[in-house]
There are 2 protein chains.
Amino acid sequence: MPADADPVTVLSEDESWSLLSSVSLGRLVTILDGQPEIFPVNFVIQRRTVLFRTAQGTKLFSAVMGDRVAFEADDHTAAGGWSVILKGRAHVLSATEEILEAEETPLIPWIPTMKPLYVRVVALEITGRRFEFGT
Amino acid sequence: MPADADPVTVLSEDESWSLLSSVSLGRLVTILDGQPEIFPVNFVIQRRTVLFRTAQGTKLFSAVMGDRVAFEADDHTAAGGWSVILKGRAHVLSATEEILEAEETPLIPWIPTMKPLYVRVVALEITGRRFEFGT
């Protein structure tokens, strides 16, 4: 099979950020008590970082405190799909100017109860792939 | 807010398996070299286990060898969504009868290159939640 017909296309960083920005549901992946954990979150992209909300005392809050995380979003149709995965570090926003900047985004929480905290994931690495499904 | 108006509904095991069976794209989550990893996979549910394909030598293959894993699938509309997460153990099928049973399923690989191996995830725990989005 020639390379240009390969069913998997590696996306550029620009394409990966652009696709991430096109969806609102992603998944934060962390290690908690030695076990892999995954949390669906509504997110937005701001200055090439992932921004989402959580609340103190939640499992998600424990999971993002100072740890290495992965974050994934994808979308697909019957013909194919894409997936973008980033690896990075998550931190809870505490400085007033950071929180004010986060509040400029149209961020809707996945769970519409009070989510007073913002978490930002800074990417150390981002990889995106586009797939065509086989028949 | 009264309990019956809570925007998060915990789903029963039956509902969780039923919703898992309604989609074909999920995400396997593991720990590899001490880091959280996530892999989108096309899967089917067979006898309340998750079944997907991979190939020897892939990163996904390394990730599922004998480890504790999490698996997540979700779906959403503008009004709300659901997410089902299971924790369990993954193993590569090797016995002929296991492989023949797996081949009865309509499993399409996410990447349509040769995927000669089947992986089955046996759940130790399954949790499902349904969400209504806030305004």
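Restricting attention to region A:93-135, report how many residues are surrounded by 16 or more Cβ atoms within 10 Å (Cβ to Cβ) and modelled with pLDDT of 85 or more.
Result for region A:93-135: 13.
For region A:74-85, what are the residues that are in contact with a Leu (Cβ under 8 Å, 6 or more places away or on another chain) and either surrounded by 16 or more Cβ atoms within 10 Å (Cβ to Cβ) or at pLDDT below 90 (or both)?
Of everything in region A:74-85, those that are in contact with a Leu (Cβ under 8 Å, 6 or more places away or on another chain) and either surrounded by 16 or more Cβ atoms within 10 Å (Cβ to Cβ) or at pLDDT below 90 (or both) turn out to be A:D74, A:H76, A:G81, A:W82, A:V84.
Going through B:H91, B:H76 one at a time, which residue ends up being closer than 26 Å to A:D33 by Cβ, more than 13 Å from the chain's Cα centre (by Cα) and not aromatic (F, W, Y)?
B:H91
Which members of region B:34-52 meet the condition of being away from chain A (no Cβ under 11 Å) and either surrounded by fewer than 23 Cβ atoms within 10 Å (Cβ to Cβ) or part of a loop (DSSP other than H, G, I, E, B) (or both)?
Selection gives B:V44, B:I45, B:Q46, B:R47, B:R48, B:T49, B:L51.
Of the residues that make up region A:6-18, is at least one within 11 Å of another protein chain (Cβ to nearest Cβ), touching a strand residue (DSSP E or B) at 6+ places or on another chain (Cβ under 6 Å) and over 24 Å from B:N42 (Cβ atoms)?
No, that holds for no residue.
Please give the number of the condition A:A5 fails out of (1) touching a Ser or Thr at 6+ places or on another chain (Cβ under 8 Å); (2) at pLDDT below 95.
(1)
The values are calculated or read from the model by the stated rules, or taken from the named source; none is laboratory data. Keep in mind the model is a prediction, meaning the values are calculated, not measured. With ideal geometry, Cβ positions are generated from the backbone for all residues, glycine too; neighbour counts draw on all protein chains shown.
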